[in-house]
Structures are given as C-alpha cells and as structure tokens.
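> Below is a structure I'd like to ask you about.
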There are 4 protein chains.
Amino acid sequence: MVYSIVPPQLFSVEDYEKSSVKHMDHTAWSYLVGGSADEITADKNKCAFDEIQLQTQVLRDFAGANTRLNLLGSTLPFPILLAPVAWHKLFHPDGELATVQAASAIGAGMVVSTQSSVLLEDVAENATKPLWFQLYIQPDRMFTAELVKRAEQAGYKALVLTIDAPISGVRNREQRVNFHLPQGISSVNLAGMKRPAVHNASLLESPLFSGQLESIPTWQDIEWLKSITSLPIIVKGITSVADVEQAITLGVNGLIVSNHGGRVLDTLPSTIELLPGIAEQVAGRVPILLDSGIRRGTDILKALALGASAVMIGRPYIYALSVAGAVGVVHLLNILRAELEAAMVLTGCRTLYEIDRSLLWKS
Amino acid sequence: MVYSIVPPQLFSVEDYEKSSVKHMDHTAWSYLVGGSADEITADKNKCAFDEIQLQTQVLRDFAGANTRLNLLGSTLPFPILLAPVAWHKLFHPDGELATVQAASAIGAGMVVSTQSSVLLEDVAENATKPLWFQLYIQPDRMFTAELVKRAEQAGYKALVLTIDAPISGVRNREQRVNFHLPQGISSVNLAGMKRPAVHNASLLESPLFSGQLESIPTWQDIEWLKSITSLPIIVKGITSVADVEQAITLGVNGLIVSNHGGRVLDTLPSTIELLPGIAEQVAGRVPILLDSGIRRGTDILKALALGASAVMIGRPYIYALSVAGAVGVVHLLNILRAELEAAMVLTGCRTLYEIDRSLLWKS
Amino acid sequence: MVYSIVPPQLFSVEDYEKSSVKHMDHTAWSYLVGGSADEITADKNKCAFDEIQLQTQVLRDFAGANTRLNLLGSTLPFPILLAPVAWHKLFHPDGELATVQAASAIGAGMVVSTQSSVLLEDVAENATKPLWFQLYIQPDRMFTAELVKRAEQAGYKALVLTIDAPISGVRNREQRVNFHLPQGISSVNLAGMKRPAVHNASLLESPLFSGQLESIPTWQDIEWLKSITSLPIIVKGITSVADVEQAITLGVNGLIVSNHGGRVLDTLPSTIELLPGIAEQVAGRVPILLDSGIRRGTDILKALALGASAVMIGRPYIYALSVAGAVGVVHLLNILRAELEAAMVLTGCRTLYEIDRSLLWKS
Amino acid sequence: MVYSIVPPQLFSVEDYEKSSVKHMDHTAWSYLVGGSADEITADKNKCAFDEIQLQTQVLRDFAGANTRLNLLGSTLPFPILLAPVAWHKLFHPDGELATVQAASAIGAGMVVSTQSSVLLEDVAENATKPLWFQLYIQPDRMFTAELVKRAEQAGYKALVLTIDAPISGVRNREQRVNFHLPQGISSVNLAGMKRPAVHNASLLESPLFSGQLESIPTWQDIEWLKSITSLPIIVKGITSVADVEQAITLGVNGLIVSNHGGRVLDTLPSTIELLPGIAEQVAGRVPILLDSGIRRGTDILKALALGASAVMIGRPYIYALSVAGAVGVVHLLNILRAELEAAMVLTGCRTLYEIDRSLLWKS
C-alpha cells in the first residue's frame, strides 16, 4: 500500500465526507448518509458529542504513553473498530477486500457484515488480524446456523449480533432516490437462502403485523445461538437498561451501544446520551463499545470517559473507502488516532485507562 | 378505488405536504397551512414531538400483534381518526365525498365538520363505517338544535363539540392572501341560518367586546346540548385542567386535547406538552384524543404513551386529498399506520395497550 | 380623519414594520430599528414574549366585557400608551401633530418626548385627551426647571422621567449609516439651552470619565424635581429591585419597566423577564407600566398577567406613522386592541382585572 | 502617531474584524481566525458572553470615576492587555514594532510572544511602558534559560508561561489553506535553537506518542523556571481547579484563564464559563486574567464581575493592526475602553473595584 498517495487536501472525517459525494453514485450516497424518517437521531448522534465539554489537565509526564487496550482476549493498538456496513462494493470496486487490507495494515479491529458484498471467507483470507462477524438472525434458522459455522471455520473471533433492526426503518431518503442494489452487488453470504413469501397486506390488514413478523428473532434465539457456537457473542443495539440486564443474564460477552447510526427508529437518543445509563447498569460485567456519531478524536475520548472500552465507526471509513480505497481508510484511521492522542495529551491521559469522567467539565 | 394509482414518489406526510403546494390554489393552501398570528404554536405542535425521545425494547415476540382499539363503543382497526376540516371542496372537487370514501375503505374514523362543503347527509350516505359530527354551537340555537337532529338522523354516532374557537383567531396569513370561499363552495349545512347583524365598531368602541360576543357558547350550552341529544359528546379544545374537571362534571363522554392546529390563539403550548397534565387530571374517567402536529408514526406512539387513546390528523389528510383524492387519503393513512407499527415493533409493543411512558427515554 | 384610507394589506405590527422600510429614509430607519451594540437585548425583548405560553379558559360569559383601566387618576379605554420617541418629523412631515391626532381620536394615552420635533405646547394644543411629558434632566438644571414649568402650563398630566440613558448607548448601527438630524428637524423644546463644552479626551484620558459625567442626574435630582413640580412623576428605566425600592422611598408615582428598547446597554434582560421580580418588589404600591418588545395583543396580555397595569409601544406606532400618518397610528392601535380582546376572550378574561398568572402555562 | 487618520467607518471590534479580511492574505487570515477542529470552543468563547445578562443601577454619582488598576506592582490606566500573538509581521509590515508603539501611546499592557517576528530586544527598545514576555518552554531547556535571561535583560517585567499548548491543536482550517510562514517572517527569538529530530511514525506506531512528547514541559519545569529567574511568573491556560491549586502551591504569581482562543483543544468550555470556578478556587491569592472571546466593553465588565482583575485581547487588536497599523490598535483599544466606561456608567460602577456579581441578572 503506497500510503503517500493519500489525498493531500483531506484532514478530517468531515473532509472525507464532503469529498465522498464526488466519489459515489447519488443513490449509494443517499443510502449511506441517510437516517430513519426525519433523521433527528442521525443528526443528534453527532451534535450530542459537541455539547459535552472537556477540561484540560496540564504539565503531565507522557513517558510510555500509548492507546493500547485488551478487548475480549485480543490486544488492539487503538480503540477504534470498523463497524459492520453492508455492501462495500457500492462504494469501491474492491469492496470489503480493500477495507480488510486497510484494517490489517494499521491493526484496526473490523466487523464484517452478514450483508457483505464479498464472501466472508474471502474477506477472512485477506486479513492478517483477527476479525469479528456481524450476524443478522435470518428467518431461515438452519441457514443462520450454517452462516455461524462458516464464520467459525473462516477464523472469525466473535459474533456481533445486531438486534435493533428486526424490520427495516422508515428510510425515506432511500425511498426518494429509489435506492436498489446495482447489478453485480449482492449479499453474497446469503446466496441460496430460503426467504419467506412476501405477503401483500390488503387495506383492511395491518401493513406490518399481517404475518411478516413471525420469524423475527427473540430472546430465545440468543440461547439458541449460544448452543450452536462457542464464539463470544456481542450484542449490538440495546438502548434500555432492562434489556441490558436480560442480555447479561443470558451470558452475552459484550454490548455495543448503538442506534444503528440513526437508521432504524427516529427520535431515539444519541448513543453518547445513552451510554452513561447503560454503563451504570453493566457495572463492568462485560465490555461496552459505542458507535453512531464518532467524527473526532475528542468524541472517542468522551465515549471512553463515559464508560466505553472502544468505539466503532461506520460511515466515516466508508467515505474514505470511496475516496481512496484502502489507503483512504488507513489515512482516516490515522487522522482519528492522532486526534485521540492529541486529546489525551491535552487532558493529561497517558493511557486509555486514565480516561474517566473527571475529564468532563460540569458547569 | 384503484389503489395502485397512488403517487409513486411520496413516502411520508412531509412528501404529501410538499406535493400539495402544486395541487392547490395559493389562497386555499395559505388557509390550510396557516396558523394564528406568528404561527409559533402551529410550528411547536410539530417540533415538540421531535424533542421527546424513545427507547427500544428488543427481541420481543409479536405473535398476534395488532393496532385495534375500542373507542366509545366502536372498534377501530388503528388509532388514527380524520379530524374535522372545513370545506374539503377547496382541496378536491369531490370534497368530503372523496374523504369518506377513503375513510370507509381503510376503516378509519372520520369527523365531519359543521362547515363541510357537502351536506352532512350526503357524506353519511357514502360511508360504510360510523362517522362522528363536529358541532359549532351557532348564535341561532334553534338552528343548532336542528343541526344536531339532522346528524342523529343521518346516523352519526357522536358529536365533537369544538369549544376553543368562539371567535376567529388572528389569521394574518389568510388575511395577507385575501382568502375567501370561491363561488360554489360554502358551508352547505348552515344554509338558511339566521346570522347576527354585523356591528361595525366605532373608534371609541371595543373592536370585539362591542356586542358580537353575546351569543358565544358557555358551559350552560353543554347542559342544553345534553338535554337535546342522546349522542355521546366529545369536547374538543380544552387546554387547562380546571376546564377538564368542569367538562367531566357536566358529563361529557370524551376529550380531545387540541389547540386547533395552532389556528386560534398563538403561543399556546403544543398539544403533546399539554397532554400529560390533562391525562393526569382525567385519570381514565373518559377517553382522550389528541390532534395538532401528528406527522409520523412515532408521534402517534408518543401521544398514546402519554395518555391518548387515539389521535386525529387534519392537515396531513387534506394534503393527500388534494394530491390524489380518496386514493391519496388511503395511502397517507397507510403510511402512518405502517410507521406506527414499525415504531411498535422497535419499542416492543404488541398492542396499543402495551404502549406507556416506559417507552420514553428520560435523560 | 378618513379611517377607510388605511392601507388595505397591513394586518399586524410586523406588516407595518416591513412596509415602513419603503416609507423612511434609510438613516432614519436605521436610527429607529437599531439597538445598542449587537442588539441582543433589542431582539430578546421580542423573543422573550414568544417563549411564554398561555392556556385557554373556555366557555366563559362575556357580558359587559371591556378593556378599561384607571391609571394615575385617568380612565383609559385600553391599556396601550404611546411611548416617548424623539423627532417624529423624521418619520412623517406632520411629526407629533399627526401622532397626537391619532391618540386623541382613539383615546390612547401618549407620552411626548423632551426631544419632540414639534413644540410641546403645540402638541398639547392639538390634543383632546390628557398627555404626559417625558423628561430628560438636562445638564442645565435651570433650563430643566423651565421645561417642567412649560409642561405644567401646557396641561400635561404627568412627568415620565427617563433615567436609564444618562449617556448615549453604543449605537453602532446609527454610526455605520452616519445618522444625523436633517435640516429643519431638531429638539425644538431645547432651543436656547446652554450645553456643556465638549471635552476631547486625549489618548491618556478616559473617553467618558474625563469630565462629561459631571452633570448627569442622580437620586438627588428626583428630590429636586419633586420640589419644583406637583405633577406625578413616573420613573422609566429601572431594572434592579434595589433601585425600585429607592425610587418608591423617594415618592415616585409610578414605574416603567423598560430597557429603552434595547437601545442603551446591550445584554440587559428583556423587559418581560424583568417584570415579575420588579412587580414582586413593588407589591402594588405604585402602578407599573412596561415597554420594549410589545408586538402582539398576546404580549400585552402576558405583561398584564405578570404585573403591569398597562404597556407602552414605541417603534410600532412610528412604523404606522411613517406608512400612513395619523390614520396608520389609529389602525395600528386598533390592530393591537383587537388582538388583545381576542386573547382575553380565548383565555376567559372579561376585564383587565381578571388577567393574572393563572393564564400562563407552566410545564 | 496621527490619530485622526483612523478609519472613519469602523466603530466596533466586529467592524475591524470584517474590514481585516481585505487587509490580510487569505492564509494569514485563516491562521488568525481559525480555531481547533470544528471551532466549537472558538465560537462559544464569544457567544457565552452574550448569554450573561446585566442589570442597571441608575442615578449614581460619578465624581472621580476611573478605570485604573494595580496589577503585579504596576498601575494600568485600563484593564485591557494585548495578549501574546505570534508573528505580527504576517499582519502588518512593521509587526510587533507597530503594536508596541500603540500600546505605549495609550498605556496598555502588552505581552510579547516567544514567537514574535521582531526580536524581543527590539520590541522592548521601542516601548515606553513595561512589557511582559510570553514563554513557551522549548525542548532545548538551555536555550529556554537563555531566552528568559534575554527577556530579563531587555527589561520585561513578568513571564507569561503558556502551558495549554504542549502540542499543536487540530488546526484543520490552517491545514486546508496550507498555511506556512512566508519568506522573511520567522520566530526570530528562536534562531539557532536545536530542535528535536522529526520522527515519522510508521503505521503501526502511535502518531503522537512515538517519541515526540519526551521534552514537553511538566510541573517540574515550573520549579526549574522559578530557580532561574526572579521575574513574576503568570501561568496561562489552566482550566481545571486541581491544576489551579498545584500552580499556586508552586508559587506562581498570577493565572490567565484561557483556552488559547479555542485554538488547541476543541469543546473546552468558554473561558467566561470557566472563570467563576477558578476564581472560587483561587480565592484572591493571586490575580486572575482572562482572554478568549472579549469583543465588547460589556464582556470586560462581565469578566471583572466574575473574578478577573483584567482581560487580554488577541485577535481583535490584530484585526486593527492589519487595517491601520499602530493607529488602528490605539483606536480599537479606545473603542473597548469607551464601551467599558459606558457599561460602568449604566451599571453604576465608579471604579473597577465596584464591579462584582451583583451586576449580573439572575432569572
């Protein structure tokens, strides 16, 4: 990877976002940036970080400073993972192969989507670092079990079970541009899977409640999943503390505080607002990750200060992927990594383990 | 009704609103969208919903899920009623006949306005579902009594007594476009009614207090109305808890929390802000409905969580009526219905009766 | 006065404001609408009213409803007075003569400015209703005493002593357009008055503190003023409760809560924010008026609900004066009067004395 | 200095800011106005003053009014100092020589930057008033010691030790315009200093933590600095109360509440928000100054009311320097000085020592 060919005029996630408009098809761009309904939650995810104020600690010693962390048995050089995003080929011809090349080069954790546009096995083959696999439990449970087995065999180290999108959100922005997958891009991992018959509800029937919810996952599926795999299970998308407790009771190995980037249910709180309550409930029993809205190193610092062990980014690395492929993803990760380190120096934190609520200014 | 001719590029109430500009005369559009004075309440009705945050409940079972409710003895398939709006012919040549066709097709409750542009009897004749009649008590009480009798004879199942507009609001937007009813459209139900003589106040007299308020309705009219009809009476437009108590003491059968879409007195609170205090005062003694500001399925969920049994929509269905007649109204209702069901799935509510304040996130 | 020639397309204070741009010289317009420094207080005066929420009271009886009030021994038909504004000839060739014609026609109280562009005697001569005289205590106290005597002799019924502008504010908007009085317009009441010599401060001297503050009024001037006149003294421009107490101790007859329309010290609170604290301190000992920011009948209702006996308007009537002379001023007063009455009907208030804090909605 | 050639159309700091765009190279302008990252703190520094509300005190006597203060043994005619800003030659060909001419003419305190574009000795030679020297502790401590000795020998009266910028902030605005020093402008005071070798971090290394932090200053450097100089040491850039205590324990002579104009760590609180907590901790043991965001005389009044003895301005005087050289700086200082005096008159303060929290309005 020739790192020097990185775009010379891009210095922040926002710069990549603006540039990406020119590197994507408009419908793909609308699919990527859009949120649910009025995009209130999608916007709030970002603004909510801006409203949290830091305070400096000055004149500290930084000998031995680092951003290393241990997460579910692995050591990561920095606390930024690539969140699962469907169909990377929509954004770059090499798709997930470019992404995994970048993640391996810089040592970032990566979560491959069930809906990847490259076979999960091919992604794994190109990785030099451990990967996690994101799982949607499919209506066809037999197929789901096989998918889990394939992930295990391909060497994935954990399952990220997304549970906040049993149905698609109200995706008006996508609908308005008539988004659909172009020829040649598909959820290749799901090829051959049986899908439930489409039921066209009549005017006198419920649009959603007339049959199509029969096979959506329930808490029992977590137990079932644990019975068919020995991989750690990280549950993604819990926002209420009651659900946190149930998940931990069922033995999950980690939680991701997420609102799916504001793409499923609008007017959910931002994830950084949700984090403190969830962290209090978890009380250290399992590690917590957070995604949705991370755009700056200071955002990462704030998430860690409020209880997360690490964060995941989604749209930001896809912007970079579209602009400059693997090189762009590495560059973007380095931007965030440098911003995080700058924020740590200025708030006096030598390691991630020194980051806590005392950094947050209370008026 | 050929449902497939529904406009293909409209996916939300907002889409219909934007499209309606092209389907209405500008003065009719100004009449419809306008609010009182500076339209602060009209705007706030919508924004206030956006500021209420939900929280998800995940992995629930949805067997038997539905949106049915019982309301004043009738069963409705979903909790969205069509609010009374004057003169539908301003917005579509078929006027209320198109609206009632849509309501009957999809099974929505509909409240026909005293100021309908089609005779209340003709609307009723085209309905296959029960209707309610909205009543303004007229200066001519004899005529009012006759109107009530006509509504009874035409088969209306309840009276919705609007009590928040004894005088017209400060409707600057209407005034600026010189709104008036075009030839051929009128309040046909009121034909032949005696109207009080217009009093032109001199400079030294009160503009409003010089005579024209003599015949405005008072609490005694509720007693009188009960004495002349056996229909249930639902009072629309109460915003203070003292008035709630008086209305219940007088034996009304339901309340509609409304600020008339922000069209009468500006700087009233939004209805969703008013609802909790009123619901607390009512304490389940009569059912509560809410209108003014509903634009999303999540808005409906929030209204039900805060104490409403159902909601009414006004401007939204008129937008749809103007764009695509009865087909548009059905489509718009289906959009909201699908959005409500999506919100119920994502917050873990199998029926309307599981919707409560626990769905609202408190920071 | 031919009232029917009132501009047909103007329905609110805002409409007059917008129209006035075309009827004034740009420098006069800048002088009128501008506030001090960044105009934060000038803007807030208006917005703060919008944030106060009302609640309705329905189905009340309005027999005998009126807006009359007694104020310092006079009866006024409605609680809106014309505030002192300098140099009306800047805005209409007839200047204060047109204004007083309008005030007399409709029965509004009017306060004539020390800096009127028509002699105070000529204004009084054209009045059929009692007037008040606004006084700035001049560096030349002899001249000031004579001014008071002239006001008494011309029949003015009270003195409004403005005490919040001992120096000019930071009027950047005026400076940027190089505002100055055109030929033929001047403070005619002050003709012949001795003015202190201008002191041009050197770089090493204080710009303001080097001499020019010697003759600014102090609390002792109130005692002096009381010794030379038997007219009631109403103090205009107090914002702190300590000063309220001192003024009452010295025997003033009324207070006007004002921040001079945001024209003197920027970042003062809006007057409607100041009112409750001041009303609490006054505790009914003297009547309170309020100006700065009144643009709607609901604003008047809110001021009365929070403790004012009446309000004064300044810029609004000047907009109307510029657009349509005396007729415009009458029309504008009638607009506000009708809006106030509408607000009273909708909040269930039959007289001004029924307006209290219970009309304000508390979340 | 011919004061009359001051630009005739500039009446406020904002006017100078707007005008300066035309008098600077775009990259220099971007360097000057820019803040860190999303410039949230840079913007908030200004807005936060606007949200603090004053209250007037009227009818006070102003005999003997003045704005004098004693600060670290010197008497200043007014409480506004010129903050250290790098490379004045970027903004005016005479650079710091023009600035010091203005400061001496009007008697303002001035802090000369380590990174001045004119030798610290040459600046001192042109001063007729005492100067302070701003110090960055350099990686080369020997050179730093020599710099301190030079400042002492040139007659500087205090050291302002900046401790909030051990690393450069995330300066995206500068990066986007590719800011760099033009030929002929440099940090002349640092000529000949040894600089640490640049370490180009590999992809697997921390961008910042890989070596370049070895020589950043720590608390021990304060002790060292005190051991090599007898000048008073004023620490600039503390935002947390724990650091305040440590600084005072180590014997510093003053504190400057600063966030470096929002140029280092974004989402820090505004300095006026930080001030009260820091003032409470300091409890009068050392004087406090404040910079970042001062644009109006009322801002100065508010800073003094909340515990500062004086304020410093940075960008504002550079705007004026670029527009009109030394004359502009004098003019700008006089604008702020006159605004401060006006605010003192209107809030009833005869001297700086009468300014306290009672001037701030509490809702």
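The values are calculated or read from the model by the stated rules, or taken from the named source; none is laboratory data. On a predicted model such as this, the values are computed, not experimentally measured, just so you know. Note that each Cβ is placed from the backbone with ideal geometry, even for glycine, and that neighbours are counted across all protein chains shown. In case anyone asks, the SASA skips ligands and DNA or RNA and just uses the protein heavy atoms, side chains included. Shrake-Rupley method; radii C 1.70, N 1.55, O 1.52, S 1.80 Å.
> Look at the stretch D:191-216 and say how many of its residues are more than 11 Å from chain A (Cβ to nearest Cβ) and open to solvent by less than 30 Å² (accessible area, probe 1.4 Å).
1
> Look through D:VAL170, D:VAL123, D:VAL177, D:VAL148 and report the one residue that is among the β-branched types (Val, Ile, Thr), at pLDDT 95 or above and either within 21 Å of D:PRO316 (Cα to Cα) or in contact with a Cys (Cβ under 9 Å, 6 or more places away or on another chain) (or both).
Values: D:VAL170 fails: either within 21 Å of D:PRO316 (Cα to Cα) or in contact with a Cys (Cβ under 9 Å, 6 or more places away or on another chain) (or both); D:VAL177 fails: either within 21 Å of D:PRO316 (Cα to Cα) or in contact with a Cys (Cβ under 9 Å, 6 or more places away or on another chain) (or both); D:VAL148 fails: either within 21 Å of D:PRO316 (Cα to Cα) or in contact with a Cys (Cβ under 9 Å, 6 or more places away or on another chain) (or both).
That would be D:VAL123, the only listed residue that is among the β-branched types (Val, Ile, Thr), at pLDDT 95 or above and either within 21 Å of D:PRO316 (Cα to Cα) or in contact with a Cys (Cβ under 9 Å, 6 or more places away or on another chain) (or both).
> If you go through the stretch A:179-201 one residue at a time, how many are of a type in the set (S, T, N, Q) and within 25 Å of the chain's Cα centre (by Cα)? Break it down into steps so the answer makes sense when it comes.
Taking the stretch A:179-201 as the starting set, the residues that turn out to be of a type in the set (S, T, N, Q) are A:183, A:186-187, A:189, A:200.
Now narrow it down to the ones that are within 25 Å of the chain's Cα centre (by Cα): A:186-187, A:189.
Of the residues in the stretch A:179-201, 3 are of a type in the set (S, T, N, Q) and within 25 Å of the chain's Cα centre (by Cα).
> Can you tell me which residue within the stretch A:286-319, out of those that are more than 10 Å from the chain's Cα centre (by Cα) and of a type in the set (D, E, K, R), is most open to solvent (accessible area, probe 1.4 Å)?
So the residue we want is A:ARG295.
> Going through the stretch A:336-354 one residue at a time, which ones are in contact with a helix residue (DSSP H, G or I) (Cβ under 8 Å, 6 or more places away or on another chain) and surrounded by 23 or more Cβ atoms within 10 Å (Cβ to Cβ)?
Across the stretch A:336-354, the qualifying residues are A:LEU336, A:ARG337, A:GLU339, A:LEU340, A:GLU341, A:ALA342, A:ALA343, A:MET344, A:THR347, A:CYS349.
> Could you please let me know if A:ILE233 is in contact (Cβ under 8 Å) with a residue 12 or more places away in the chain and under 21 Å from B:GLY348 (Cα atoms)? Steps first, please.
On the way: in contact (Cβ under 8 Å) with a residue 12 or more places away in the chain: yes; under 21 Å from B:GLY348 (Cα atoms): no.
No; evaluated as a whole, the condition is false for this residue.
> OK, next. Within the stretch A:292-299, identify whether any single residue is touching a Phe, Trp or Tyr at 6+ places or on another chain (Cβ under 6 Å), within 12 Å of another protein chain (Cβ to nearest Cβ) and within 19 Å of A:GLN53 (Cβ to Cβ), and answer yes or no.
Within the stretch A:292-299 (the criterion being touching a Phe, Trp or Tyr at 6+ places or on another chain (Cβ under 6 Å), within 12 Å of another protein chain (Cβ to nearest Cβ) and within 19 Å of A:GLN53 (Cβ to Cβ)), the answer is yes, since at least one residue qualifies.
> Pull up the stretch D:217-269, narrow it to residues that are polar (S, T, N, Q) and facing another protein chain (nearest Cβ under 9 Å), then point me to the one that is surrounded by the fewest Cβ atoms within 10 Å (Cβ to Cβ). Steps first, please.
Taking the stretch D:217-269 as the starting set, the residues that turn out to be polar (S, T, N, Q) are D:218, D:220, D:227, D:229-230, D:239-240, D:246, D:249, D:253, D:258-259, D:267.
Then keep just the ones that are facing another protein chain (nearest Cβ under 9 Å); that gives D:218, D:220, D:239-240, D:246, D:259, D:267.
Details: D:THR218: 18, D:GLN220: 11, D:THR239: 27, D:SER240: 22, D:GLN246: 18, D:ASN259: 31, D:THR267: 26.
Step by step, filter the stretch D:217-269, then rank; the result is D:GLN220.
> Okay, next question. When you check B:VAL329 against the structure, is it among the hydrophobic types (A, V, I, L, M, F, W, C), more than 13 Å from chain A (Cβ to nearest Cβ) and either more than 24 Å from A:VAL264 (Cα to Cα) or not in a helix (DSSP H, G or I) (or both), yes or no?
Values: among the hydrophobic types (A, V, I, L, M, F, W, C): yes; more than 13 Å from chain A (Cβ to nearest Cβ): no; either more than 24 Å from A:VAL264 (Cα to Cα) or not in a helix (DSSP H, G or I) (or both): yes.
For B:VAL329, the condition - among the hydrophobic types (A, V, I, L, M, F, W, C), more than 13 Å from chain A (Cβ to nearest Cβ) and either more than 24 Å from A:VAL264 (Cα to Cα) or not in a helix (DSSP H, G or I) (or both) - is not met.
> Away from chain D (no Cβ under 14 Å) and more than 30 Å from A:GLN175 (Cβ to Cβ): is that true of A:ASN70 in this structure? Break it down into steps so the answer makes sense when it comes.
On the way: away from chain D (no Cβ under 14 Å): yes; more than 30 Å from A:GLN175 (Cβ to Cβ): yes.
When the stated conditions are applied, A:ASN70 passes them.
> Now, a different point. When you scan the stretch B:210-229, do you find a residue that is among the hydroxyl-bearing types (Ser, Thr, Tyr), closer than 20 Å to C:GLU341 by Cα and over 24 Å from the mean Cα position of the chain (by Cα), even just one? Spell out the reasoning first.
If we filter the stretch B:210-229 for residues that are among the hydroxyl-bearing types (Ser, Thr, Tyr), which is where we start, we get B:210, B:215, B:218, B:227, B:229.
Retained after the next criterion (residues that are closer than 20 Å to C:GLU341 by Cα): B:210, B:215, B:218.
If we keep only those that are over 24 Å from the mean Cα position of the chain (by Cα) too, we end up with B:210, B:215.
Looking through the stretch B:210-229, at least one residue is among the hydroxyl-bearing types (Ser, Thr, Tyr), closer than 20 Å to C:GLU341 by Cα and over 24 Å from the mean Cα position of the chain (by Cα).
> How about the stretch B:27-62: which of its residues are more than 14 Å from chain A (Cβ to nearest Cβ), of a type in the set (S, T, N, Q) and open to solvent by less than 20 Å² (accessible area, probe 1.4 Å)? Explain how you work it out, then say what you get.
Pass one, the stretch B:27-62, residues more than 14 Å from chain A (Cβ to nearest Cβ): B:27-45.
Filter again for of a type in the set (S, T, N, Q), leaving B:27, B:30, B:36, B:41, B:45.
Result: B:SER30, B:SER36, B:THR41, B:ASN45.
> Follow-up. So, of the residues in the stretch B:332-363 that are part of a loop (DSSP other than H, G, I, E, B) and more than 7 Å from chain A (Cβ to nearest Cβ), which turns out to be farthest from B:ASN66 (Cα to Cα)? Spell out the reasoning first.
Taking the stretch B:332-363 as the starting set, the residues that turn out to be part of a loop (DSSP other than H, G, I, E, B) are B:347-351, B:355-356, B:361-363.
Now narrow it down to the ones that are more than 7 Å from chain A (Cβ to nearest Cβ): B:347-351, B:355-356, B:362.
On the way: B:THR347: 14, B:GLY348: 12, B:CYS349: 9, B:ARG350: 7, B:THR351: 5, B:ILE355: 12, B:ASP356: 16, B:LYS362: 27 Å.
Selected residue: B:LYS362.
> Also, quick follow-up: Check off (1) within 14 Å of chain B (Cβ to nearest Cβ); (2) closer than 30 Å to D:LYS46 by Cβ; (3) of a type in the set (Ser, Thr, Tyr) for C:SER12 and give me the number that stays unchecked.
With respect to (1) within 14 Å of chain B (Cβ to nearest Cβ); (2) closer than 30 Å to D:LYS46 by Cβ; (3) of a type in the set (Ser, Thr, Tyr), C:SER12 is out only on (2).
> Look through the stretch D:142-163, keep the residues that are of a type in the set (Gly, Ala, Ser) and part of a loop (DSSP other than H, G, I, E, B), and return whichever of them is surrounded by the fewest Cβ atoms within 10 Å (Cβ to Cβ). Lay out the reasoning, then the answer.
Filtering the stretch D:142-163 down to residues of a type in the set (Gly, Ala, Ser) leaves D:145, D:151, D:154-155, D:158.
Still in the list and also part of a loop (DSSP other than H, G, I, E, B): D:154-155, D:158.
Numbers: D:ALA154: 18, D:GLY155: 13, D:ALA158: 24.
Across the stretch D:142-163, the extreme among qualifying residues is D:GLY155.
> Residues in the stretch A:285-306 that are more than 28 Å from A:GLN101 (Cβ to Cβ) and touching a Gly at 6+ places or on another chain (Cβ under 9 Å): how many?
Residues in the stretch A:285-306 being more than 28 Å from A:GLN101 (Cβ to Cβ) and touching a Gly at 6+ places or on another chain (Cβ under 9 Å): 2 in total.
> With the checklist (1) crowded, with 22+ Cβ neighbours inside 10 Å; (2) in contact with a strand residue (DSSP E or B) (Cβ under 9 Å, 6 or more places away or on another chain) in hand, flag the one item D:VAL170 doesn't pass.
Only one criterion is unmet by D:VAL170, namely (2).
> Quick one: in the stretch C:102-141, which of the residues that are in a helix (DSSP H, G or I), away from chain B (no Cβ under 14 Å) and not charged (D, E, K, R) is surrounded by the fewest Cβ atoms within 10 Å (Cβ to Cβ)? Talk me through it step by step, then tell me what you get.
If we filter the stretch C:102-141 for residues that are in a helix (DSSP H, G or I), which is where we start, we get C:102-106, C:120-125, C:141.
Next, from what is left, pick out any that are away from chain B (no Cβ under 14 Å): C:120-125, C:141.
Cutting the leftovers down to not charged (D, E, K, R) gives us C:120, C:123-124.
Details: C:LEU120: 23, C:VAL123: 26, C:ALA124: 19.
In this case the residue turns out to be C:ALA124.
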